[in-house]
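The values are calculated or read from the model by the stated rules, or taken from the named source; none is laboratory data. Fair warning: this is a prediction, and the values are worked out from it, not measured in the lab. Don't worry about glycine lacking a Cβ; one is built from the backbone with ideal geometry, like all the others, and counts go over all protein chains shown. Each accessible area value is taken on the protein alone, full model and side chains, heavy atoms only, with ligands, DNA and RNA left out. Shrake-Rupley method; radii C 1.70, N 1.55, O 1.52, S 1.80 Å.
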Amino acid sequence: MELTRRHALAGAAAIAASPLLKTSAANAAAPLADKQAPSFYRYKVGDAQVNAISDGMNTFALADTFVLNAKKDAVNAALEKAFLPKDKVSIHFAPLVINTGGKLVVVDTGNGPGAFASSKGNVGQFANNLAAAGFDPKNIDVVVISHFHGDHVNGLLAADGAPAFPNAEVLVPAAEWKYWMDDGEMSRATGDRMQGLFKNSRRVFEAGLKKKVTPYEWGKDVAPGLLAVESIGHTPGHTSFVLSSGSDKVFIQSDVTNLPALFVTNPGWHLMYDQDPALAEKTRRKVYGMLVADKMRVQGFHYPFPANGYVEKDGNGYRLVPAPWNPTT
Ligand SMILES: [Zn+2]
């Protein structure tokens, strides 16, 4: 049967005239539900399972300097092209739990319980969503950190300041540890944000974890099948990972790009939080060139949830094609 637009409209009119609608209209007086389902998503990489666990989303006004080398009008045009509202940005956070078969490995930990309280639950959701996904923090074997920004390390501590993963070994990039824990570097830091990052690293790793961390080097596995890869620029020790199992792989990029609608589309744009913007761009172009050439799946900490997909070349930049939702894991 051919369903024309006229038929469809006639059908809609018939439904509107039916008594059924009166019943529905009465039910519509119920309040709108105000919560999504707990946000976690699982997929397989060979025999390993990746669990993307949302830490929530932060929305803030678009600063003139959010992109250091593009005018606000151009940034707004890129947002509108991606069907996103202008003059503001919404940034997601997606830590991971990787089940390698032998070990439960957390990769980055989100904004933490302090941010959960101050944001009224918009961010810092990792602990709650982790529980909803069926994981007990006591069973986590390893926590791997990509870099020392607060949205990645603050979830290492629970609300009472004790380690959030009491039985886990905490692995940190050696270059990141060397930089942020160096008092000389701290004394040379300029501006509130950079000084705050040095202080926060001491709060988390000295006061909280009592320096019980293990630095790791690039080019080696930090857990079974999880290779640490240098991807510096965003911070001096910024690290990405390749998870491999059998012939299957995913590139866990961490913060090689922030919001894809801006920085995957325009790899030459410099994010205000990239500590060495030129080096971050060089890394970004190298990584995205590799992702295209290898057709490798990519997981991005700040991509829209569940934060994974594939990348293709598009004009002078790239385009993120989200992986389709698979209900069967
Ligand atoms: Zn980040």
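Packing, as the average of other Cβ atoms within 10 Å across residues, places the peptides 143-152, 45-54, 186-195 in the order 143-152, 45-54, 186-195, highest first. Counting only alpha carbon atoms, the long axis of helix 72-81 and the longest principal axis of the chain meet at about 50°.
Over all orientations, the chain has a Cα convex hull whose mean projected area works out to 21.5 square nanometres. On a per residue basis, the chain carries 50 Å² of accessible surface, using protein heavy atoms and a 1.4 Å probe.
Write out the GluC sites (Glu not before Pro) in segment 121-228 meeting two conditions: DSSP loop, and at most 12 other Cβ atoms within 10 Å of their Cβ. Listed in order of number, the matching sites are Glu217. For Ala223, no residue 5 or more places off, or on another chain, has a built amide H under 5 Å of its own.
Against the chain, whose longest principal axis is taken from its Cα atoms, helix 277-294 shows a tilt of about 60°.
Of all aspartates and glutamates in the structure, the ones whose alpha carbon falls short of 17 Å from that of Lys313, not counting any fewer than 8 places away in one chain, are Glu281, Asp294. Keeping the other protein chains in place, figure out the carbon and sulfur percent of the accessible area of segment 156-234, with a 1.4 Å probe. Carbon and sulfur together cover 53 percent of it.
Spin-label pair Leu68-Ala207: with each label point 7 Å from Cα along the Cα-Cβ axis, the two points sit 2.9 nm from one another.
Across the chain, Cα pairs under 8 Å and at least six residues apart give a relative contact order of 16 percent.
Percent antiparallel among DSSP beta bridges with both residues in the chain, to the nearest 5?
In the chain, approximately 75 percent of DSSP beta bridges are antiparallel ones.
The distance linking segment 269-295 with segment 182-245 is 18 Å (Cα centroid to Cα centroid, whole angstrom). Take the chain, connect every pair of alpha-carbon atoms lying under 10 Å apart with a spring to form a Gaussian network, then pick out the residue of Ala168, Ala131, Ala33 with the largest mean-square fluctuation. Per the Cα network of the chain with a 10 Å cutoff, Ala33 tops the list. Estimated from helical segments only, the mean residue ellipticity of the chain at 222 nm is -8000 deg cm²/dmol, where each DSSP H run of four or more residues counts as -39500 (n - 2.57). With respect to the chain, whose longest principal axis is taken over its alpha-carbon atoms, helix 192-202 is tilted by about 70°. Rounded to the nearest whole Hz, the Karplus-based 3J(HN,Hα) values (6.51 cos²θ - 1.76 cosθ + 1.60, θ = phi - 60°) of segment 114-130 follow the sequence x, 5, 4, 5, 6, 9, 6, x, 5, 10, x, 7, 3, 4, 5, 6, 4, with x at glycine and proline.
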